[in-house]
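Some notes on the structure that comes next.
The values are calculated or read from the model by the stated rules, or taken from the named source; none is laboratory data. Keep in mind the model is a prediction, meaning the values are calculated, not measured. As a convention, Cβ positions derive from the backbone with ideal geometry for all residues, glycine included, and neighbour counts pool all protein chains shown. Surface areas here come from the heavy atoms of the whole protein model, side chains and all, with no ligands, DNA or RNA. Shrake-Rupley method; radii C 1.70, N 1.55, O 1.52, S 1.80 Å.
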Amino acid sequence: MAQRYAVVDLETTGNQIQYDEIIQIGITFIEDQQIVDTYHTYVKTDLEIPSFIQALTNINELDLQDAPYFDEISKSLFVMLKDCVFVAHNVLFDLNFLKAHFEKYQIEFEPKLIIDTMELFKIAFPTEESYQLSELSQSLKVDLNQAHSADEDAKATALLFIKAIQKIKDLPIDTVKQLYYLSKSLKYDLKDILFEIVRTSQNTVKNSSKIKKYQNINYLKQTPIRKSKNSEIITIDEAYDRILKTFNFDYRKEQYQLVQQLFDSLMHNENALIEAPLGSGKSMSFVLASLLYYLETGEHILVSTHTKLLQNQLLEQEFNKVLNALDLDLKAMIIKSKDHYISLGLILNILQDDTDNYEATILKMQLLVWILETETGDIEELHLKGGQKVFFDQKRTTYVPFKNDIHYYQFIKESAQSVEIGITNHAHLLQHSTEDTVYQLFKHIIVDEAHRIQDYALNQVTDNLSYQHIKYHLGLLGKNEQEKLFRRLDKLENRRIIEQYPIDPIDIYQLKKDIELLHEQNENLFDELMDQINQKHKSQNDDEQQIHYIYDIDVTKLSEIFKLQIGTINQILSRFKSFTHAHVKAFKKELIYISHQYTKIYNVIKSGQVPYVSIKKLTQKSTLSLFVKKEEVKDLLNQVFIEQFNSNIFISGTLTVNESFTSFKSMFPKNIEFNTYYLNDIYDLKNQAACFVPKNMPSYQFHNQDDYIETIVHYLSTFVSETNQKCLVLFTNYSMLYQAYRYMEELEIFDDYVLLMQQQHSHVYKIVQQFNQFDKTILLGTLSFFEGFDYQSSGIKCVMMTKLPFIHQDDPRYHLMKDEFENPFKDFVLPDAVTKFRQGIGRLIRNKNDQGLLVCFDRRILDSNYSKFFINALGEIPVIEGDINNFQDKLRKYPNR
């Protein structure tokens, strides 16, 4: 490239351009796809550097002591930058800060070309989960030794920039041209770079034999999965010995016994329950057992786990590692339904759409790059969110397949025949396994993290109709001939009249009346629900953090409205019975979907089930949803597992309550027999952990929590002052969490700490990353953090539990499940709370060197008539009861505080 690119990164005292100041500048210069020069300086400021910025950047006042002020370097900096293409990650931040600083010294800085690498990287690397610089660098193996250091960040951004440009250069020239034309709708000047790539292209493509064309788009040809060669049978002893040697693991009797038990259960077609505590190596164990079982019998095995993240980890970190260690020619594959995969026709339909807003343009460019690298067509590879997801979902919903469309799912179905081990997740299994033919390949199932099965089953047996969702789909139809799908029909009718286009007449006037009526009936439905809510909640305050549930709904008028809505849709559909045009098909498809949303609720109400309502804001209809339970959890679990598989092995670290499997067994019909196995703890919990219960806790009252929260914060401040270490504080409601956070913000003792607070739509993964990144941080979280959270700390791992994790009697889970148990509290509420409690304890001890401290502020752990269930859940962890002074003494005894 003839151009010179300046890749800029700044560190500042904050985000306010009019107030905050630059404290570090890093610039990396690129010419002809190579780094040719760098520039770095600290910048002196008279502002105080906030503690959070110091923790984030590792920059303090001492670093700036001998640094120049910005005015001392402004002229030389301007000369360096003025003829360069200005490049930065989230470019507006760096550019606007620099322009504001230059302006103070009468220097006008206006780069001729601006490139935002956030924009570029989204297009060049469409499958990345995060475009945060540190995560992107790690994923693409670019060195970034110290994130949030301007020189390091600038260099990493430059290396990623070079990678991105090279990747685009290696694409087929037709694809680059398509990217160029689309880039004219972007915010910055990427079009200039793409034009130059097209102009200088040699038109050579890597791996051109693997690239095929569907109409005018290039895509990667799929490689069929070949059947595995027959592998020799390996004994458990031999396999386990090879695993130990390959990974340099210590022999663990518990893990060996677990492999043996899993293998035996599969061989005998058992329904088995296995509790395998943390550290027993259960993932490696069931991976090994399932592979050995296949070698022995030739029967395929399905593994289901809690989340998509865990399912991917199982494939990449467990199955593939074991297959390599044992030198086995076997294959594992993630099993998903057709909805997860794309078709080339849909991609073409999206590219042909004339929507040119920013998010739609980015998505179109991502798709062009992605289909030249994806081997599966799995939409989740794109990690769509925000406007891109909304646009994609809209196009997918209304898409009617083209003739000769190529769907990636067909390839997945064919490949599944050659796969020995299938991996799925609980939600997908419960939703699709009884209807998807791919699942019929598997005779046996191992269910990991099985304690979560009931929650997923409950979600599956519950249908809902939300105002926002149904309004969105009605909106896709359009209210008149100027909008959405309706507009297409109006254009079609115009073609018939003007061009004599060969279709039957479309009565646009009548259609407009029918659609207006459908919108009106929908408003009537939700207005009726709002009237009932207002009558039942006249005296209640509208707490924005609380979702309100109403269970005693009168369905008489609702049923009448549902019947009218379904009748209106059927009437519209009947007029289009003979139409085959794609636009009419798309309109009918959307109408049928809307009808299904109404019908599924109406049918359950007709059967005698009473729905319930949730609403976030009592005055806002847009936050309202209607729910029904269509079948019992027991029936679904029996259908999905017992009736479908020869053997079902449920495994978790927390399957028992009070050392009994009775609670888990109660989720299935009484006649189902299970063999049960329990492995002992492998850590020295008696010496590695302790549970402290404060004496004289104020009584908890939901509407007056001040004293209770003040006591919690007092203990937390004592922990901070004595240890200078991080802490996880678990709450059971957001109201209490927010109040604690506000109280802590006012206390000086927490000034040096990064306070992380979970909000209702927080990304849990990002909060966990931040928590583990900083040494001095406090995380206030809710039930999401009771499990699946790897608490990293070199010192004391402290978890403070503000309340025992009982579900409230107004919780919809209680409402939906109470009729399935003789004693809902004893058989459902209490076991659920004990399981969550045990999961919370699991954050403490993850290896033999950990020191863990649980502080439970809820006196029910000792004083209630069900306290023994929680004390038993602690196992060998000793319980200490005392006041704040005893707590202080306990902290001072830790060697690594």
Legend entry - Pairs with Cβ under 9 Å, 6+ apart, first in the range 168-189 and without any contact (Cβ under 8 Å) to a residue 60 or more places away in the chain and more than 21 Å from residue 84 (Cα to Cα), second open to solvent by less than 40 Å² (accessible area, probe 1.4 Å) and of a type in the set (Phe, Trp, Tyr): none
Inset, instruction - Could you tell me whether the range 51-63 includes any residue that is surrounded by fewer than 14 Cβ atoms within 10 Å (Cβ to Cβ), of a type outside the set (A, V, I, L, M) and at pLDDT 95 or above? - result: no
Inset, instruction - Evaluate the range 151-165: report whether one residue or more is within 20 Å of residue 366 (Cβ to Cβ), loosely packed, with under 15 Cβ neighbours inside 10 Å and over 29 Å from the mean Cα position of the chain (by Cα). - result: no
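Regarding residue 435, is this residue farther than 15 Å from residue 303 by Cβ, of a type outside the set (Val, Ile, Thr) and touching a residue at least 12 places away in the same chain (Cβ under 8 Å)?
Numbers: farther than 15 Å from residue 303 by Cβ: yes; of a type outside the set (Val, Ile, Thr): yes; touching a residue at least 12 places away in the same chain (Cβ under 8 Å): no.
It is false that residue 435 is farther than 15 Å from residue 303 by Cβ, of a type outside the set (Val, Ile, Thr) and touching a residue at least 12 places away in the same chain (Cβ under 8 Å).
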Inset, instruction - Output the residue which, of all residues in the range 816-849 that are more than 27 Å from the chain's Cα centre (by Cα) and not in a helix (DSSP H, G or I), is modelled with the lowest pLDDT. - result: 848
Legend entry - For residue 674: the one exception among (1) open to solvent by 20 Å² or more (accessible area, probe 1.4 Å); (2) over 30 Å from residue 648 (Cα atoms): (2)
Inset, instruction - Scan the range 246-271 and report the pairs whose first residue is under 14 Å from residue 294 (Cα atoms) and open to solvent by 30 Å² or more (accessible area, probe 1.4 Å) and whose second residue is in a strand (DSSP E or B) and hydroxyl-bearing (Ser, Thr, Tyr), with Cβ atoms within less than 9 Å and a gap of 6+ or a chain change. - result: 267/647; 268/647; 269/647
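For the range 226-248, give me each residue that is closer than 29 Å to residue 415 by Cα and assigned to a loop (DSSP other than H, G, I, E, B).
Within the range 226-248, the first condition is being closer than 29 Å to residue 415 by Cα, and the residues that meet it are 226-236, 239, 243.
Hits for the range 226-248 are 226, 227, 228, 229, 230, 231, 232, 233, 234, 235.
With the requirement that a residue be β-branched (Val, Ile, Thr) and surrounded by 12 or more Cβ atoms within 10 Å (Cβ to Cβ), what does the range 234-245 give you? Reasoning before the result, please.
Going through the range 234-245, the residues β-branched (Val, Ile, Thr) turn out to be 234-236, 243.
234, 236, 243, listed by residue number.
So which residues in the range 438-454 are surrounded by fewer than 18 Cβ atoms within 10 Å (Cβ to Cβ) and in contact (Cβ under 8 Å) with a residue 24 or more places away in the chain, if there are any at all? First the steps, then the outcome.
Step one: of the range 438-454, the residues surrounded by fewer than 18 Cβ atoms within 10 Å (Cβ to Cβ) are 440-441, 443.
Matches in the range 438-454: 441, 443.
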Legend entry - In the range 798-815, the residues that are more than 25 Å from the chain's Cα centre (by Cα) and over 17 Å from residue 866 (Cβ atoms): 798, 800, 802, 810, 815
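Tell me, which strands (runs of 3 or more DSSP E) wholly within the range 114-222 include 2 or more residues that are farther than 23 Å from residue 11 by Cβ and modelled with pLDDT of 95 or more? Break it down into steps so the answer makes sense when it comes.
Details: elements: 114-116, 211-214, 217-220.
Answer list for the range 114-222: 217-220.
Condition check: open to solvent by 20 Å² or more (accessible area, probe 1.4 Å) and either in contact with a Lys or Arg (Cβ under 7 Å, 6 or more places away or on another chain) or among the aromatic types (Phe, Trp, Tyr) (or both). Does residue 187 satisfy that? Please lay out each step first, then the result.
Numbers: open to solvent by 20 Å² or more (accessible area, probe 1.4 Å): yes; either in contact with a Lys or Arg (Cβ under 7 Å, 6 or more places away or on another chain) or among the aromatic types (Phe, Trp, Tyr) (or both): no.
In short, no.
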Legend entry - Extreme residue, farthest from residue 831 (Cα to Cα), among residues of the range 785-807 that are open to solvent by 30 Å² or more (accessible area, probe 1.4 Å) and either free of Cβ contacts under 8 Å to residues at least 40 places away in the same chain or acidic (Asp, Glu) (or both): 792
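Does residue 852 satisfy being in contact (Cβ under 8 Å) with a residue 24 or more places away in the chain, among the small types (Gly, Ala, Ser) and either in a helix (DSSP H, G or I) or touching a Cys at 6+ places or on another chain (Cβ under 6 Å) (or both)?
Values: in contact (Cβ under 8 Å) with a residue 24 or more places away in the chain: yes; among the small types (Gly, Ala, Ser): yes; either in a helix (DSSP H, G or I) or touching a Cys at 6+ places or on another chain (Cβ under 6 Å) (or both): no.
No, not satisfied.
When you go through 183, 209 one by one, which is the residue that is polar (S, T, N, Q) and over 20 Å from residue 351 (Cα atoms)?
Details: 183 fails: over 20 Å from residue 351 (Cα atoms).
Exactly one of 183, 209 is polar (S, T, N, Q) and over 20 Å from residue 351 (Cα atoms), namely 209.
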Legend entry - Selection status of residue 704, in a loop (DSSP other than H, G, I, E, B) and either of a type outside the set (S, T, N, Q) or open to solvent by 10 Å² or more (accessible area, probe 1.4 Å) (or both): yes
